[in-house]
Structures are given as structure tokens and as C-alpha cells.
């Protein structure tokens, strides 16, 4: 009887063990990782970013800047030898700041970078380890945006928030002596955004600071919040970000200037 039980039990145990071993087998993959996927050729690509002010770390990448502001240069390659030619100056640092004064207004200046490093000849056999790029920065006068009735930022913008079904045409008007309708208090110079909701809603902002490409606004009169801003990358690439402000709803618009 015992022998009969063993004969019946052994196959069952073997079946259980085989199934357990099958479950523990690692999944095999035929995907081959190319080690060159993360590699790149030697590049002299760099950024030029304008500081909002000497007291702030807020920056905007740009090819145009206001006179008197500081410009931050940064080579994207973090492990190369650098030679910058900025006017008559030669610089060998990866990143540095320079100021462009009023005497340069109206000029478009070349900014030249040469980099050298040991190339990855396995992935890029034709890379000689050298690259150079020239970019240009134009220096302009900021003017008085609240008085100039043809100031470049004023106008009509076709914008869309992700929560909206359709786009809206928002009018941006800079008012030198804005009276806040809720309290009747004169806020002085203000950016007034009109028709924000497509039904005539108007939201005013006091300016906190600016660069040629971007303007930051005070929030609830506290300042230094920087969550409310407009960013003007180009005529067809514009962003408005309005966080909850003075009881108004929040919006994050993307769009373009149409007039």
C-alpha cells in the first residue's frame, strides 16, 4: 500500500516542482542597447540669458536685451576647453556674465565660442574634437512702455488655456494711471489684460521686473512671487501665466500675437 501511495505521489510532486521552476525563470529579452544612443558629438552650443535685474536670479534666454542689463553666457558642454571671443575680450570659462551699456544701443554684436575636447571616435569617427558657433545679441533701449502707445508688447493676443474649449482674444494694455475698479484706488502703472475669459473679464497686474523676452508681476501685492508672468519667445510662441490673484481665477495661456 505504501509503495502504491509513493508511486502516485512522486509524479504529483515532480509536476509541482516543474511548474514552480517555470514561474521563477527570468524573462529573456532580445532588445540590444546601443551604447552610442546617449553619446553626442563635440558641440559649441551655448545659451545667452538676460537677468531681470542685478538683484534677481530670474533669467530669460534671448537674442535681444535691454541696455544696462547683465547677460549670462553658458556653454552646454560641461567638460571641454572653451575660448570665447566677446568683442576684444578672450574668455576661457564655461559660464560668465557681462554687461552691455547704453553706448551699444542699436548694435547687433557677434558672440563667438570655440570648444575643444577628446571626441568619442567610436560613435563618431569623423568628429575632430573641435566646434565653433557664433550667435548675435542686439542691444535696445527699453523705452517707457506705459507712455508709448505703440509699445511692442501692447496689442491683441489669441490665446488658449487647457481648460477652455476655444481660444480667446486677449487685449494687453499698459496703463500709466490705472484705477482699480473694485476699490477705486489708483494703482499707477499697470499691465491690464482684457477679455481674459472671453466674456470681458479684466485682470490688472503691477510689474515686478522684466527682460526683453519676459515680464514678471506682483501677486496680491506681495511681490517676489514670480508665478505670474508673460513670456514672449516669438510672435507665434507666447505664454501668459496668471496664478490666483486678487480673487481672480488662474490661467495658463499659450498662443500668438495677432495685432
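Bear in mind that the values in this text are calculations on the coordinates, not laboratory data. What you are looking at is a predicted structure, and each value in this text was computed from that prediction instead of being measured. All Cβ positions, even for glycine, are placed from backbone atoms using ideal geometry, and neighbour counts span all protein chains on display.
Brief remarks follow.
- In terms of surrounding Cβ atoms within a 10 Å radius of their Cβ, 218, 50, 89 rank from fewest to most as 89, 218, 50.
- Square roots of five times the Cα gyration tensor eigenvalues for the range 88-223, Å: 43, 22, 14
- Pairs of Cα atoms nearer than 8 Å and 6+ residues apart set the relative contact order; for the range 155-257 it is 21 percent.
- The label-point distance for residue 160 and residue 186, in a model that sets each label 7 Å from Cα toward Cβ, rounds to 4.2 nm.
- Based on alpha carbons, the Rg and Dmax found for the range 155-257 are 12.9, 36 Å.
- Of all DSSP beta bridges in the range 46-140, antiparallel share, percent nearest 5: 90
- Protection proxy ranking of 145-154, 179-188, 65-74 - average other beta-carbon atoms within 10 Å, highest first: 65-74, 145-154, 179-188
- Label separation (residue 53 vs residue 133): 3.1 nm, computed from points 7 Å beyond Cα along the C-beta direction.
- Prolate/oblate/rounded label for the range 70-129 (Cα gyration tensor, a/c 1.5): prolate
- The Cα center of the range 69-136 and the Cα center of the range 168-222 differ in position by 38 Å.
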